[in-house]
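*Asks:* Below: one structure in structure tokens.
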Amino acid sequence: MAPPKGEPGRFLYKELAAELLTRIQSGELAPGDQLPSERALCEEWGVARMTLRGAVETLVAEGLLVRRHGSGTYV
């Protein structure tokens, strides 16, 4: 399910972070799962890579995602 499009004055990366968090909380993305590629997520949500990266970095900072250099991003 794609997140809603942003409204003026809102930050789309925060909405994407909330969507990823929902997927984690629902169990759709479980601990140890690798996120799909940036390209796949950008196409799914119709956003630029920088927007997606902002969402991922938000969840990395909260300790919900881990980036492994050369391997990917994991829950």
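The values are calculated or read from the model by the stated rules, or taken from the named source; none is laboratory data. What you see is a predicted model; the values in this text were computed from it and never measured. For neighbour counting, all protein chains shown are included, and Cβ atoms are generated from backbone atoms with ideal geometry for every residue, glycine included. Only protein heavy atoms, including side chains, enter the accessible area calculation; ligands, DNA and RNA are left aside. Shrake-Rupley method; radii C 1.70, N 1.55, O 1.52, S 1.80 Å.
*Asks:* Scanning the stretch 51-75 for residues that are without any contact (Cβ under 8 Å) to a residue 12 or more places away in the chain and assigned to a helix (DSSP H, G or I), which turns out nearest to Glu19 (Cα to Cα)?
*Replies:* Going through the qualifying residues, I end up with Glu57.
For (1) farther than 15 Å from Val75 by Cα; (2) of a type in the set (Val, Ile, Thr), each residue gets a yes or a no:
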residue: Gln34; (1), (2): no, no
residue: Trp45; (1), (2): yes, no
residue: Ala48; (1), (2): yes, no
residue: Leu52; (1), (2): yes, no
residue: Thr58; (1), (2): no, yes
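*Asks:* Take the conditions among the β-branched types (Val, Ile, Thr) and either out of contact with any helix residue (DSSP H, G or I) (no Cβ under 9 Å at 6 or more places or on another chain) or at pLDDT 95 or above (or both) and apply them to Val47. Does it pass?
*Replies:* no
*Asks:* Report whether or not Val60 is in contact with an Asp or Glu (Cβ under 8 Å, 6 or more places away or on another chain), open to solvent by less than 50 Å² (accessible area, probe 1.4 Å), modelled with pLDDT of 95 or more and among the hydrophobic types (A, V, I, L, M, F, W, C).
*Replies:* no
*Asks:* Taking the condition of being farther than 16 Å from Thr58 by Cα, free of Cβ contacts under 8 Å to residues at least 40 places away in the same chain and outside any loop (DSSP other than H, G, I, E, B), how many residues in the stretch 26-40 meet it?
*Replies:* Adding up the residues that qualify gives 3.
*Asks:* Just to verify a result, which residue in the stretch 33-57, among those that are open to solvent by 50 Å² or more (accessible area, probe 1.4 Å) and among the small types (Gly, Ala, Ser), is nearest to Arg67 (Cα to Cα)?
*Replies:* Residue satisfying both the conditions and the ranking: Ser37.
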